[in-house]
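First comes the structure, then the notes that go with it.
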Amino acid sequence: MPRLRRRRLAIHASHARRLAAVLLCLTPAACERPPAAIALEALEPPVRAESAMPNLTATPDGDAVLSWLEPDGDSTYAMRVSRLADGAWSEPTVVARGRDLFVNWADFPSVLAHPNGDLLAHWLVRNGGGRSAYDIHVARSTDGGLTWGPGIVPHVDGTLTEHGFVSLWPEPGDSVGMIWLDGRDYASAPDDSGATRLMAGGLAGVTAVAAEQVVDSRICDCCQTGMAMTSRGPVVAYRDRSEDEIRDIAVVRRVDGVWTEPRIVHADGWRITACPVNGPQLAATGDTVALVWFTAATVPTVQLAISTDAGATFTAPVRVDDGNPVGRVDVVTSPDGPIVSWIENTGDGVADVRLRRLTWAGETIQTLTVNAGTAARASGFPRMHWANGSLILAWTDVASKRVRVARAVEDPR
């Protein structure tokens, strides 16, 4: 098992080449005094050149699991995973590889750590229906990611259309639930008059496919879904699509086994006749849910709203960007409140990956610039997770053409 190499992150020169601090309450006693200063420490993951599209999950015992895509020779790509445990990355294992993997900057694989100890991975495979036609595959590892079972397609329509932008969550036993964007309606609408659906399903046990349900029959075609597990069950956020092309953020919850009717969180009123490829994200602790999203209804804005009733209602949103965001948001919850990540334009073709630590009241505690890059598609979507009491962040560094990972540690200064 290769040992973890550590180094301090190099921050853009406009930030005086120093690491800014994020503030955390490390213990209940620490919450009684000013929070300890935290710096971001770089963790060198075992990735190859041209690696991209990272994702993160945390196991029940607090290990972080990183997934990513990278070239594997002769027009082949591979989805790989590695586990960060006790200060070391595991040797990467291959979940799936092939020339038919659907490799896309916005619709990328993920891994879910199930409470029973299994890991579940999803990735996308072209189905022969055209440039944007692909199927979801889900595989299971019962040995911590060392070996992976065969991929199972969880949707049963068989149409040569789009199936992607997946969110996974654990169900009782060894089952897994999932929600995804589904283009099967276009198969019977050759004049392009169909609509993308939001579908729910999953795996019922190890191999059986769970029953599918239509959750929303008309949504935005290529924005990510966001999911959080509350103490009352899953809550899902996505970009809706009205008949007159208003594409605001909607939320659904599963209550007593039934999905609620979609509800718009806030009437941004963003009318756009094309998909902005900029979906919302959710994080939850108990019944408290943090929802973050991008809108350009008037000016580009990253919004944050909080729910204290498992997603049934949300507060009025607060703006959390620095004035010119690209979006591509993520959020985690910490003891002090939500931490939001996004990409911010800074001018001259530069766009930063930024973090903002907030209280539950929406007040800023600290803002941190992580990486100076670009807003190009190659920079992808930075992803965060809360693992073993610490923030873990992964992103694609365009300059070095590889995935980077960092975690928050107490600043000795």
Review point. Can you spot a residue in the range 208-216 that is in contact (Cβ under 8 Å) with a residue 60 or more places away in the chain, open to solvent by 10 Å² or more (accessible area, probe 1.4 Å) and either touching a Lys or Arg at 6+ places or on another chain (Cβ under 8 Å) or within 11 Å of Asp182 (Cα to Cα) (or both)?
Key: no
Practice item. Kindly indicate whether Ala204 is open to solvent by 40 Å² or more (accessible area, probe 1.4 Å), modelled with pLDDT under 95 and over 29 Å from Trp386 (Cβ atoms). Key: no
Study note, to complete from the structure: Of the residues in the range 219-260, those that are among the charged types (D, E, K, R), within 22 Å of Asp185 (Cβ to Cβ) and crowded, with 16+ Cβ neighbours inside 10 Å number 6
Revision key, fill the gap. Of the conditions (1) open to solvent by 40 Å² or more (accessible area, probe 1.4 Å); (2) within 27 Å of Gly73 (Cα to Cα), the single one that Gly149 does not satisfy is (1)
Review point. Among the candidates Thr364, Thr295, Thr315, which residue alone is in contact with a Phe, Trp or Tyr (Cβ under 9 Å, 6 or more places away or on another chain) and of a type in the set (Ser, Thr, Tyr)?
Key: Thr295
**Study point:** Answer residue from the range 168-194, given it is touching a residue at least 40 places away in the same chain (Cβ under 8 Å) and open to solvent by 10 Å² or more (accessible area, probe 1.4 Å) and is nearest to Asp135 (Cα to Cα) among those
**Key:** Leu168
Practice item. Give me a count of the residues in the range 307-326 that are out of contact with any Pro (no Cβ under 7 Å at 6 or more places or on another chain) and open to solvent by less than 20 Å² (accessible area, probe 1.4 Å). Key: 5
Study note, to complete from the structure: Flagged in the range 69-79 as in a strand (DSSP E or B) and surrounded by fewer than 23 Cβ atoms within 10 Å (Cβ to Cβ), in numbering order, are Glu70, Pro71, Tyr77, Ala78
**Study point:** Within the range 136-145, considering residues that are without any contact (Cβ under 8 Å) to a residue 60 or more places away in the chain and open to solvent by less than 30 Å² (accessible area, probe 1.4 Å), the one nearest to the chain's Cα centre (by Cα)
**Key:** Ile136
Study note, to complete from the structure: Exception for Asp157 within (1) open to solvent by 30 Å² or more (accessible area, probe 1.4 Å); (2) under 28 Å from Gly62 (Cα atoms) falls at (2)
Point to revise | Residues satisfying the stated conditions in the range 109-133, i.e. open to solvent by 10 Å² or more (accessible area, probe 1.4 Å), on the phi < 0 side of the Ramachandran plot and not hydrophobic (A, V, I, L, M, F, W, C) | key: Ser110, Pro115, Asn116, Asp118, Arg126, Asn127, Gly129, Arg131, Ser132
Exercise for review: Need at least 3 residues that are more than 15 Å from the chain's Cα centre (by Cα) per element, so show me which strands (runs of 3 or more DSSP E) inside the range 366-413 make the cut, counting only ones lying wholly within it.
Suggested key: 402-410
**Study point:** Qualifying position, being surrounded by fewer than 22 Cβ atoms within 10 Å (Cβ to Cβ) and not in a loop (DSSP other than H, G, I, E, B), among Arg97, Arg83
**Key:** Arg97
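The values are calculated or read from the model by the stated rules, or taken from the named source; none is laboratory data. Everything quoted here is computed from the prediction, not taken from an experiment. Methodologically, a virtual Cβ is constructed for each residue, glycine included, from the backbone with ideal geometry; neighbour enumeration extends over all protein chains shown. Remember, those area values only see protein heavy atoms, side chains included, never the ligands or the DNA or RNA. Shrake-Rupley method; radii C 1.70, N 1.55, O 1.52, S 1.80 Å.
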